[in-house]
Structure formats: structure tokens, C-alpha cells
Amino acid sequence: MQDQDQLPPKTSFRNDYSEGAHPRLLEALAQAGRKQSAGYGLDRHSLRAAQLIRERIRRHDADVHFLAGGTQVNLTAIAAFLRPHEAVIAARTGHVATHETGAIEATGHKVLEIDCPEGKLTPALLAPVIEQHGDEHMVRPRLVYVSNSTELGTRYGFDELKALTIFCRERGLYLYLDGARLGSALAAAGNDLGLPDIADMTDAFYIGGTKNGALLGEALVICNPALTGDFRYLIKQRGGMLAKGMVLGAQFEALFRDDLFLDLARHANVQALRLRDCITAAGFTMFSGSDTNQQFVALPDSMVAKLAERFEFETWARVDSGSTVIRLVASWATTDDAVDEFMQNFPRLADEFAQPAAALAGSRQNQEK
């Protein structure tokens with residue numbers, strides 16, 4: 001049996017955070033590390049990065065904080081914003097509902113989950129949940145959690161986010177946006193949202209660095225002044241205040257000094273859409289309407305197994321006894337050669353394991369059932 005270490009490495013489309021960091025960010029870290037800096041996010045790099053973000057969102061009153069990871073941001077922010085009896089509303093596919101090991105519940109706040117087509121909340125989906133929680137015998141819905149782009153690679157447009165903003169403000173709800181892949185959403189070809197729009201429409205959001213070229217780090221932006229009080233205390237209490245805060249600040253300073261943040265996301269999107277076009281050309285229907293760096297498709301299990309011999313990817317959901325949804329993700333570092341290899345192999349496998357594409361069509365809804 002051949003030693004696994006001697007096998008050629010597989011081409012990976014597993015995620016967008018396996019590569020270390022973009023060279024310009026590594027150089028920024030190297031330069032920052034040559035001099036002593038103030039600690040705990042008060043260094044000149046973090047302060048400059050926060051200012052660059054305020055300029056980009058056109059909100060000089062916004063509070064900006066840098067934390068290491070998305071789950072840490074979500075649990076720290078939500079725990080700070082809510083009183084003990086208040087709850088979060090999220091899509092059932094939302095990160096806080098599915099991939100954070102109950103982190104929000106561990107802070108004492110219930111997550112109310114909603115089945116959502118394409119992973120996106122709407123006022124029509126939110127209204128019944130608000131109505132069902134009408135007295136002190138139930139938790140009070142207080143914060144609406146959305147992801148952009150979503151966990152299914154879809155994204156909110158201006159009108160969709162605006163409708164949520166109006167709904168939340170009319171009902172005294174906070175609107176919080178998880179931006180782990182915000183760069184990918186903003187860089188999508190049909191996007192009509194800008195960072196200033198998001199700052200105007202949400203009470204708080206974060207800008208993801210970990211999944212967009214940074215070694216680690218997310219930038220939390222609190223736009224509602226009522227939510228800013230004592231927030232650094234909460235960061236410290238939750239273990240999120242790094243002594244070497246310049247590690248985060250220097251990277252975001254490099255990302256927002258010019259258009260690098262969007263350039264990296266745009267590259268990931270372009271490569272992912274090449275994967276999508278190859279798949280649809282072979283006769284398959286995509287699982288979600290994603291135009292960002294995550295692509296989902298339902299394939300026959302036999303084809304998934306064969307594809308896995310040459311490529312790495314996540315298996316996402318079962319469709320039926322013979323089909324599985326896989327997720328393919330492109331990153332800032334995905335090369336043309338990697339996508340070319342996929343494009344050379346996938347059509348041959350599609351022919352080898354041909355099944356009527358119609359048998360897999362309409363499978364998107366199965367994940368939410």
C-alpha cells in the first residue's frame with residue numbers, strides 16, 4: 001500500500017482560510033514587529049486601521065474593535081448587546097445556529113431559528129416569530145442576525161437589507177451582520193451594497209479578515225452609540241483582548257490602506273465562478289444561487305467519491321439516498337492552475353457518472369427541511 005505521504009497533494013477547494021496570509025499582510029506584520037507597540041489594541045497600527053475603516057464607511061462616530069475570530073466576535077457582541085432574557089433570531093443555516101458549538105446559548109441567550117430559502121431572512125419570515133413571543137413566559141426576540149455573504153454563498157442586496165432595517169427599527173430590534181465573508185459579497189459582480197450602506201442600515205457588523213487574506217482577525221464595527229458602552233470590558237472578559245493587538249491592527253491597516261480587501265475577495269469570486277460555470281456546463285443545477293466564492297452542487301455519491309480522489313472539498317448535506325451536496329470554495333490564493341485542473345477533470349467525471357440533472361434539480365430546499 002502506498003504511503004499517504006508519498007501521494008501527490010490534492011488540489012483543495014475546502015475553504016478560504018487554509019493559506020497563511022497575503023504577502024502584503026505578512027510584510028506589514030514583519031515591519032510592525034520590528035518596533036515596540038502599545039498593547040491591547042491601542043497601538044498605532046490598530047488605531048490607524050480603525051480610522052481607515054471609519055473613513056471607508058463614512059461614519060467617524062463608529063466604534064471599531066479588532067478580535068481574533070468570527071465566533072469570538074459574535075458571542076462577545078451578542079452577549080454585550082442583549083439583556084439576559086433577550087434572544088437572537090437567525091436563519092437555520094446561520095453560523096451562530098449551526099457552527100459555533102452553542103457559543104451564543106453558552107452566553108445565556110437563545111437562538112430562534114427560521115427555515116430560510118437561500119439562507120436569507122426577510123420581514124415576512126421574521127414577523128411570525130415576533131408575534132409568537134409575546135409575553136414574559138418566553139424569551140424576547142431582540143437581535144436579528146444575518147450573514148453577508150450567507151452560509152450558502154448567497155448575498156443580500158440593498159433593497160433586501162433596507163427592508164430588514166425598516167422592520168427591525170419599527171419593532172425595536174437590533175440588526176447585526178456577520179461579515180466573515182463580507183468582502184466576497186461586496187466584490188460580487190451584481191452587488192449594489194457598499195460599506196457605508198451597511199453602516200447606515202445595521203446596529204453593528206463585522207468585516208472578516210480571516211477568510212479574506214489575513215492570518216487571523218475580524219473588525220467589529222458598532223454603529224449604534226447605545227451599544228458601545230463598556231465594550232472593551234466585555235472584550236477583555238471574554239478573552240478577546242490580545243496583548244499583541246498590533247498583530248490584528250497591522251493586517252487591517254494593510255487591507256484598507258487601498259483596495260486590497262476588495263481585490264482579494266474579487267479574485268476568490270472570479271475563481272469560484274469559473275468552477276460554477278464548469279459545473280453547469282456539464283448539466284448540473286447549483287444547489288444555491290451563489291455568485292460569491294462558495295459554490296454548492298448536488299452530485300451522485302459515486303461521482304463525489306471519485307472527485308475526492310483528486311480534490312479536497314466539504315460534503316454539505318444529503319439530498320437523497322444516492323446524492324450529496326458538496327461545497328467548493330475559492331480563496332484569495334486559488335490559482336488559475338487549480339481551477340484549470342478541476343475544469344479538465346469534472347466534465348470527464350460527469351460523463352462517466354452521468355445521471356439526469358433534473359433528478360437533482362430543486363434539491364436546495366432539502367437542507368432546510
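The values are calculated or read from the model by the stated rules, or taken from the named source; none is laboratory data. Keep in mind that this is a model prediction, so the values were computed, not measured. Note that each Cβ is placed from the backbone with ideal geometry, even for glycine, and that neighbours are counted across all protein chains shown. The area values use the complete protein model at the heavy-atom level, side chains included, leaving out ligands, DNA and RNA. Shrake-Rupley method; radii C 1.70, N 1.55, O 1.52, S 1.80 Å.
Residue by residue, here is whether (1) modelled with pLDDT of 95 or more; (2) buried (at least 16 other Cβ atoms within 10 Å of the Cβ) holds:
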{"position": "Q4", "(1), (2)": "no, no"}
{"position": "T11", "(1), (2)": "yes, yes"}
{"position": "D16", "(1), (2)": "yes, yes"}
{"position": "E27", "(1), (2)": "yes, no"}
{"position": "A30", "(1), (2)": "yes, no"}
{"position": "R34", "(1), (2)": "no, no"}
{"position": "G41", "(1), (2)": "yes, yes"}
{"position": "A50", "(1), (2)": "yes, yes"}
{"position": "I53", "(1), (2)": "yes, yes"}
Search result, residues across the range 67-109 that are part of a loop (DSSP other than H, G, I, E, B) and either touching a helix residue (DSSP H, G or I) at 6+ places or on another chain (Cβ under 9 Å) or open to solvent by less than 10 Å² (accessible area, probe 1.4 Å) (or both):
A68, R92, T93, G94, H99, E100, T101, T107, G108, H109
Is it true that N345 is part of a helix (DSSP H, G or I), farther than 30 Å from Y206 by Cβ and at pLDDT below 95?
no
Please find, among G217, G209, G157, the residue that is in contact (Cβ under 8 Å) with a residue 12 or more places away in the chain, surrounded by fewer than 19 Cβ atoms within 10 Å (Cβ to Cβ) and not polar (S, T, N, Q).
G157
Of the residues in the range 110-126 that are in contact (Cβ under 8 Å) with a residue 12 or more places away in the chain and farther than 18 Å from Y176 by Cβ, the one that is most open to solvent (accessible area, probe 1.4 Å) is P117
N191 in contact with a Leu (Cβ under 7 Å, 6 or more places away or on another chain) and open to solvent by less than 40 Å² (accessible area, probe 1.4 Å)
no
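Can you confirm whether A265 is touching a residue at least 24 places away in the same chain (Cβ under 8 Å), open to solvent by less than 10 Å² (accessible area, probe 1.4 Å), within 23 Å of G119 (Cβ to Cβ) and among the hydrophobic types (A, V, I, L, M, F, W, C)?
Here the answer is yes, as A265 does meet what is asked.
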Out of all the residues in the range 54-77, is one or more more than 25 Å from G183 (Cα to Cα) and touching a strand residue (DSSP E or B) at 6+ places or on another chain (Cβ under 8 Å)?
no
Hey, can you tell me all the residues within the range 28-59 that are hydroxyl-bearing (S, T, Y) and under 30 Å from T202 (Cα atoms)?
Y40, S46
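Hand me the list of helices (runs of 4 or more DSSP H) wholly inside the range 145-253 holding 2 or more residues that are over 20 Å from the mean Cα position of the chain (by Cα). So that I can check it myself, show each step before the final result.
Details: elements: 158-170, 182-186, 195-201, 231-237.
Hits in the range 145-253: 158-170, 231-237.
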Looking only at residues that are of a type in the set (G, A, S) and over 23 Å from the mean Cα position of the chain (by Cα) in the range 315-337, which one is modelled with the highest pLDDT?
S323
